[in-house]
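Enquirer: Can you read through this structure? Questions will come right after.
The values are calculated or read from the model by the stated rules, or taken from the named source; none is laboratory data. Computed from a predicted structure; not experimentally measured. Don't worry about glycine lacking a Cβ; one is built from the backbone with ideal geometry, like all the others, and counts go over all protein chains shown.
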Amino acid sequence: MAKRIEILISGYGGQGVVRIGQILGQAAVNQGLYTSMLISHGTETRGGYVRSQVVISDEFIDSPVVERPDFFCAFSGIAYTMFKGLCGSQSLILHNPDIVSPDPGLASPHWGIKAEAVATEELGDAVFANVIFLGALSSRLALLTSEHIVEAIRERLPQRFHEKNLQAFALGRARK
Amino acid sequence: MKRTFDTGNAAITEAAIRAGCNLFAGYPITPATEIAENMSRRLPQVGGYYLQAEDENAALHICNGGSIGGLKAMTATSGPGFILFADAFGWAVSSEVPVVIVNSQRVGPVSGITGAPGQGEFYLSRYLTHGGNFETIVLAPSSVQEAYRLTVRAFYLAERFRTPVIVLADQMVTDGWETLELPETDAEFLAMGLEVVPRRIHPGPEFYPATDDIDVPPVVLGHNTGAACSDWTPTDRGHDTEDITWQHKHAWRLIHKILNHRDLIDEADQWYLDDDPEVILVAYGTPSRVVQNAVNAARRDGLSVGGIRPISLWPFQDHLFKRRAIYLVVELNWDGQLVREVQRAAADGSQVHFWGRCGELPTSAELLEDITTLLKHEPLARDGWRTEKW
């Protein structure tokens, strides 16, 4: 039986929803794994709805659909409301408590990270919040090594943004 | 092999370049815009031409003109642009112009919804122009890797059959990211079962032979071969005619050069059909991936289930449906298109059911529920606006 990890990331355009998926996917490919990412989005480039469905597996991926996410990064209240129904007791939901209020009726464990505030305080810009989430997520992703994710960050982002994104990744990864 | 993580749009671009494409004319549209973007970057690197047209009708006419000028041409679009190809597509069919057309299906009708997948152009891809009297070759990729393979294949078939070939993708194939292996050497390319047919030039004077022959070189102007190329019915020498006998010969050729060489076109995946399963799921494009997952899961549970994925959609492969079975056809539309062909082709005594939705893929769990219901010979649950009528 294949090891299959399903990750759902959703929020607004401009929050880096697709970028996280690109980095995870690149890391998986670099590590010799199979990966797929479906993207759904509105017409707008910024501010519209975006969703990435990422699947990572050690064998060919038939269905690229995230049906029972192992991880759900909810970057907006709307995204949380829209997709929390997919989450079961095995789904870890990463969210920013300043933006998303957890549903107490949900069996899924929640992990609240004030990523925007941390990014603004430590790195001077809330734009790094997504990579803080990526760092936190990566600490629970047994299938991918941190080294491969760091390598993927370097590959997927322009060089002038490497330093701060790697700091953001380390900040996220250090969270418990 | 170069192992990358990339989109279907990137795969289609690299495939076109590898197949020798040296002209792209198009008009940007989600979710195929990146093909135009990528081609505008890649073509100058290989000495090709990129042109942004004023609209899609012009784009395909430019491709036709380029092809008649000796170039290998491609255009790419989505539904709202695809419909505008109608006029130029007819020219390509009738004048036997090799050209590749990519359509990434989104949700329609008209502009519909941009960033979500649909499958509304199954029939439109067959009849993209008026007047009848022709057959169409349509290939449907279901993954990024297959988008690469089928784009190369489309160029190959376009040259050999002297006809436009359509790659009918969907938003999830073109916008989606996946592991993509790109051949770096000719040996690796050949090992993928791929081939490139270089552009040849018809020497004349029988430019439009009244036969079903393939591998007839296309008409290329500017080489003192004297060909005429127009939208009127041609004689065998390419002169305009209103003689119905010539029209009959021309139509016969357009139809039978394709129908009599189906062995080069027909392609399908068939899962677990050897033990004549009771229920057979049918889908093309990305929904077929979920179907494959559901069929595998059902098999693990010991259920009598199989699956069929047509890879070449047109000409339609009736022979795939000669088993008497309960067919469940899964599509990304609410009105049912592929299901109508399956119903027509299915063996006597078969049942044909429809599972439709738009903008969102089915889940494996949903399909498993319907498989179980069908195996119990019970009616499928309907939520009020899903219908079995098509």
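Enquirer: Which count do you get for residues in the stretch A:54-82 that are within 14 Å of chain B (Cβ to nearest Cβ) and either surrounded by fewer than 20 Cβ atoms within 10 Å (Cβ to Cβ) or in contact with a strand residue (DSSP E or B) (Cβ under 6 Å, 6 or more places away or on another chain) (or both)?
Expert: If we filter the stretch A:54-82 for residues that are within 14 Å of chain B (Cβ to nearest Cβ), which is where we start, we get A:54-69, A:82.
If we keep only those that are either surrounded by fewer than 20 Cβ atoms within 10 Å (Cβ to Cβ) or in contact with a strand residue (DSSP E or B) (Cβ under 6 Å, 6 or more places away or on another chain) (or both) too, we end up with A:54-61, A:64, A:66-69, A:82.
The total comes to 14.
Enquirer: Quick one: is A:G21 more than 10 Å from every other protein chain (Cβ to nearest Cβ) and either in a helix (DSSP H, G or I) or touching a Lys or Arg at 6+ places or on another chain (Cβ under 6 Å) (or both)?
Expert: Details: more than 10 Å from every other protein chain (Cβ to nearest Cβ): no; either in a helix (DSSP H, G or I) or touching a Lys or Arg at 6+ places or on another chain (Cβ under 6 Å) (or both): yes.
Considered against the rule, which asks whether it is more than 10 Å from every other protein chain (Cβ to nearest Cβ) and either in a helix (DSSP H, G or I) or touching a Lys or Arg at 6+ places or on another chain (Cβ under 6 Å) (or both), A:G21 comes out as no.
Enquirer: Pairs under 7 Å by beta carbon, first residue farther than 11 Å from B:V102 by Cα and outside any loop (DSSP other than H, G, I, E, B) in the stretch B:53-81, partner modelled with pLDDT under 95 and small (G, A, S), six or more apart or different chains?
Expert: Hits for this filter: B:P80/B:S111.
Enquirer: Could you pull out the residue among B:L84, B:L60 that is surrounded by fewer than 24 Cβ atoms within 10 Å (Cβ to Cβ) and closer than 30 Å to B:Q247 by Cα? Write out each step before concluding.
Expert: Numbers: B:L60 fails: surrounded by fewer than 24 Cβ atoms within 10 Å (Cβ to Cβ).
Unique residue meeting the criteria: B:L84.
Enquirer: So, of the residues in the stretch A:104-132 that are in contact with a strand residue (DSSP E or B) (Cβ under 9 Å, 6 or more places away or on another chain) and over 21 Å from A:V18 (Cα atoms), which turns out to be surrounded by the most Cβ atoms within 10 Å (Cβ to Cβ)?
Expert: Applying the filter and picking the extreme gives A:H110.
Enquirer: Let me ask something additional. Modelled with pLDDT of 95 or more and either touching a Leu at 6+ places or on another chain (Cβ under 8 Å) or not assigned by TED's automatic domain parsing to the domain that holds B:Q119 (or both): is that true of B:A11 in this structure?
Expert: On the way: modelled with pLDDT of 95 or more: yes; either touching a Leu at 6+ places or on another chain (Cβ under 8 Å) or not assigned by TED's automatic domain parsing to the domain that holds B:Q119 (or both): yes.
Judged against the criteria, B:A11 is a match.
Enquirer: Shifting gears a bit: Hey, any hits in the stretch B:169-177 for a residue that's at pLDDT 95 or above, touching a strand residue (DSSP E or B) at 6+ places or on another chain (Cβ under 8 Å) and more than 12 Å from every other protein chain (Cβ to nearest Cβ)?
Expert: Checking the stretch B:169-177: at least one residue is at pLDDT 95 or above, touching a strand residue (DSSP E or B) at 6+ places or on another chain (Cβ under 8 Å) and more than 12 Å from every other protein chain (Cβ to nearest Cβ).
Enquirer: Then there's this: Output the strands (runs of 3 or more DSSP E) that fall wholly within the stretch A:49-124 and possess 3 or more residues being touching a residue at least 40 places away in the same chain (Cβ under 8 Å), or say none. Walk me through how you get there before you give the answer.
Expert: Details: elements: A:49-57, A:71-74, A:92-95, A:110-112.
Here the list reads A:49-57, A:71-74.
Enquirer: For residues that are hydroxyl-bearing (S, T, Y) and out of contact with any His (no Cβ under 8 Å at 6 or more places or on another chain), scanning just the stretch B:205-244, find the one that is nearest to B:R262 (Cα to Cα).
Expert: First, the residues of the stretch B:205-244 that are hydroxyl-bearing (S, T, Y): B:208, B:211, B:225, B:230, B:233, B:235, B:241.
Those left that are additionally out of contact with any His (no Cβ under 8 Å at 6 or more places or on another chain): B:211, B:230, B:235, B:241.
Working: B:T211: 16, B:S230: 28, B:T235: 26, B:T241: 30 Å.
Residue satisfying both the conditions and the ranking: B:T211.
Enquirer: Same structure, new question: Only strands (runs of 3 or more DSSP E) wholly contained in the stretch B:110-197 count here; list those with 2 or more residues that are surrounded by fewer than 24 Cβ atoms within 10 Å (Cβ to Cβ) and not charged (D, E, K, R).
Expert: Details: elements: B:113-117, B:137-139, B:164-170, B:177-182.
Per the criteria, B:113-117, B:177-182.
Enquirer: Continuing with this model, one more query. Please find, within the stretch A:24-44, the residue that is nearest to A:E59 (Cα to Cα) out of those that are in a loop (DSSP other than H, G, I, E, B) and within 9 Å of another protein chain (Cβ to nearest Cβ).
Expert: A:L33
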